[in-house]
Amino acid sequence: MMKKVLCYLTFFTVVCSLAQTKVGVVRFNDTDKFGETELMLNGAGEREKLYAIGLYLDFEVEGPEDGVKVAEKDKEMAVTIKVLSSMNQKGLEKLIRGGIEVATNGNSFKLEDHIRKFIGLLPNDVKKFDIIKILHTKGGKLTVFRNRTILGTMTNMEFKTALFKIWLGENPVDYDLKENLLAAYKPNPVLGKWRMIDKESGVALSVVQVYIIDGKVFGTIEKMMRESERDDVCFKCTGEDKNKKIEGMTILKNLRFSGDKYEGGTYTNVWTGEKADCQIWTEEEKRDVLYVKYKGGGGIHEWRRIKDSKK
């Protein structure tokens, strides 16, 4: 499911946590929203102290050799640009025009109308630490954001490809930056599907999908393992979970990364209805085990990762 960027070290330091990736003086969320579209950070890097950039995808890449394929793909993807040096629109135009000229091997004139339209979407000036986001959605549609404001849209797949080739193409503006953006990723170890195991009997109780929304971890029961329990509801639960069907119920809520664990949220016991403070984590040598600890749970529980059979 969701993915976390692999820390990649070249001429600058990238420091990763399970929630954000640091590039120089700025940070990129490992999961970010672009309007209504949520994407995962694949890689991030810095361009000559002008800006830092993060590449967000909803599909996997093998490494820098996939750059052209990514640029040419008609799938959801985005870049987040964090400005490190203030500049006016002419400075932005110079960066875009120069980048596309390089990316198209001197043939940017073929895209002149689209280049002008795109530059017209850009702000008159950007200040240090402003955030420019460029989202591509299927069909060649580009949406440009400044901070959280939509500046405009345009649609042209050929221009979209050329734009992304500025950073990902065969002749990018910065080869080290390309490697950072397309580095093979390392997934956030707590995310994915887990088999909840009864601590006493060793019997699998359910399949729980663990995911991140806005930097917080949640876990939802995808399937009860006992067929007799698949239509059960949580009679003993309170509030919004009262009488909710157990399959599809969110039992881990609002866990935030702290130190080496996710904590500060709650676990709901679907058999007793009780909510309790909860911690979850993995360990370096046992990434296929999710450790779950909650008040009244009788110690640490071990959930087992369900590996993707397609890989």
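Just so it is clear, none of the values below were taken in a lab; they were calculated from the coordinates. On a predicted model such as this, the values are computed, not experimentally measured, just so you know. With ideal geometry, Cβ positions are generated from the backbone for all residues, glycine too; neighbour counts draw on all protein chains shown.
Computed on the chain, the Cα convex hull volume stands at 148 Å³ per residue.
For the chain, averaging the sequence separation of C-alpha pairs within contact (under 8 Å, six or more residues apart) and dividing by the residue count gives a relative contact order of 14 percent.
Stokes-Einstein, applied to the Kirkwood radius of region 14-181 over Cα pairs at a viscosity of 0.692 mPa s and 37 °C, places its translational diffusion at 208 µm² s⁻¹.
Taken as Cα centroids, region 110-153 and region 66-107 sit 10 Å apart, rounded to the nearest whole angstrom. Here's the picture: charge each Lys and Arg Cβ at +1 and each Asp and Glu Cβ at -1 in region 192-305, and of LEU205, VAL217, ASN243 the one pushed furthest to the positive end of that dipole is ASN243. Neighbour counts of other Cβ atoms within 10 Å put PHE145, PHE235, PHE59 in the fewest-to-most order PHE235, PHE59, PHE145.
Taking 0.36 nm per residue of sequence separation and removing the Cα-Cα distance, the ALA204/LYS117 pair yields an extension gain of 25.7 nm. Among GLY169, GLY98, GLY202, the residue with the largest mean-square fluctuation in a Gaussian network model of the chain, with springs joining Cα atoms closer than 10 Å, is GLY202.
Close amide H pairs (under 5 Å, H built 1.01 Å from N) link VAL61 with TYR185, residues at least 5 positions away or on another chain. With everything on Cα atoms, drop me the angle between helix 157-168 and the longest principal axis of the chain, reported from 0 to 90° to the nearest 10. Taking the Cα atoms of the chain, the angle to 157-168 is about 80 degrees.
With only Lys, Arg, Asp and Glu charged, each at its Cβ (+1 for the first two, -1 for the last two), find how big the charge dipole of the chain is about the Cα centre; round to the nearest 20 debye. Taking the Cα centre of the chain as origin, the dipole is about 560 debye.
Could you state the angle between the C-alpha long axis of helix 89-103 and the longest principal axis of the C-alpha atoms of the chain, as a value from 0 to 90 degrees rounded to the nearest 10? Helix 89-103 sits roughly 90 degrees off the main axis of the chain.
This model, with +1 at the C-beta of Lys and Arg and -1 at the C-beta of Asp and Glu, gives region 212-311 a dipole about its Cα centre of some 120 debye. How would region 91-160 be classified by its alpha-carbon gyration tensor: rounded, prolate or oblate, with rounded meaning a/c under 1.5 and the a/b versus b/c comparison settling the rest? The shape class here is oblate.
Bridgeable lysines around LYS117 (alpha carbons under 24 Å apart, same-chain partners fewer than 8 residues away excluded): LYS73, LYS75, LYS82, LYS90, LYS94, LYS127, LYS133, LYS138, LYS141, LYS160, LYS165.
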